[in-house]
Amino acid sequence: MVDYADGWLAEPEAIREARVRAQESGVDSVAPSVAALLTFLATSVGAQAVVEVGTGTGVSGAALLAGMTPGGILTSIDTEAEYQRYAREAFSALGHEASRARLIAGRALDVLPRMSDGAYDVVVVDADRSEYPAILTQAKRLLRIGGLVVFIGVGTDGMLADPARRDAEASAVKDTADELRGDDDWVPALLIDGAGLLVACLSRRD
């Protein structure tokens with residue numbers, strides 16, 4: 001079923017090229033089914049402002065842009081400026097104006113605290129798993145009520161489900177899941193798409 005889902009919607013040539021770039025650069029890109037889900041989620045909330053942590057070569061960013069309102073702005077953060085150059089090329093090939101993507105080279109936990117409270121519709125995170133709890137704290141501040149946070153790759157190698165995994169990344173992912181599950185401000189769901197996703201809607205703020 002997973003293979004069927006990944007091939008169910010055809011991807012544009014620019015995205016296929018971005019996937020090749022990712023593979024050549026040793027970067028993981030989201031599965032096609034996850035990309036489709038990101039487009040769906042951005043569309044479902046009428047996203048005008050989205051934050052992405054982990055630009056990669058632009059596969060997930062392009063999926064988000066496809067679901068956002070016309071003129072919506074994607075802010076994408078990555079420590080690797082070269083990957084962002086590839087992402088910019090992919091966005092341009094898909095017909096998106098350069099002004100729709102604000103690409104920031106830097107560490108997420110240095111950049112996010114400088115961003116505005118309650119100004120964003122979606123926060124998508126696919127980066128250093130050990131930083132997920134701290135990024136969740138920032139996401140709660142950044143999102144408007146009804147906004148969505150998406151953590152990608154939480155199921156990689158049993159990171160969340162395997163109780164025997166106690167390394168820093170697995171512990172951080174488990175802490176993030178526990179925080180989402182235990183905080184009444186969030187309405188969470190755990191999805192098995194791709195390498196696993198934690199998704200939550202901010203229902204209210206303390």
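Just so it is clear, none of the values below were taken in a lab; they were calculated from the coordinates. Keep in mind that this is a model prediction, so the values were computed, not measured. Cβ atoms come from the backbone with ideal geometry, glycine included; neighbour counts cover every protein chain shown.
Could you sort the peptides 37-44, 93-100 by per-residue average Cβ neighbour count (10 Å cutoff), highest mean leading? Numbers along the way, then the final one.
Details: 37-44: 19.5, 93-100: 12.8.
For the peptides 37-44, 93-100, the packing ranking is 37-44, 93-100.
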* Asked: What is the Cα centroid distance between the stretch 1-49 and the stretch 51-80, reported in whole angstrom?
  -> 11 Å
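Based on other C-beta atoms within 10 Å, arrange 157, 184 from fewest to most. Walk me through the numbers on the way to the answer.
Values: 157 13, 184 8.
With the fewest neighbours first, 157, 184 line up as 184, 157.
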* Would you mind checking the radius of gyration and Dmax of the stretch 1-115 based on alpha-carbon positions, in Å? => 13.5, 42
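Using mean Cβ contacts within 10 Å as the protection proxy, how do 79-85, 55-61, 194-200 order, highest first?
On the way: 79-85: 16.1, 55-61: 29.3, 194-200: 22.4.
The peptides rank, most packed first, as 55-61, 194-200, 79-85.
Given the -39500 (n - 2.57) contribution per DSSP H run of 4+ residues, what per-residue ellipticity at 222 nm results for the chain, rounded to the nearest 500 deg cm²/dmol?
Working: 8 runs with 85 residues, N = 206.
So the calculated ellipticity at 222 nm is -12500 deg cm²/dmol.
Explain nothing, just the number: dipole magnitude of the stretch 2-202 about its Cα centre with +1 on each Lys and Arg Cβ and -1 on each Asp and Glu Cβ, in debye rounded to the nearest 20. Kindly include the intermediate steps, with their values, before the conclusion.
Working: 17 positive and 30 negative charges, 97 e Å.
For this selection, approximately 460 debye.
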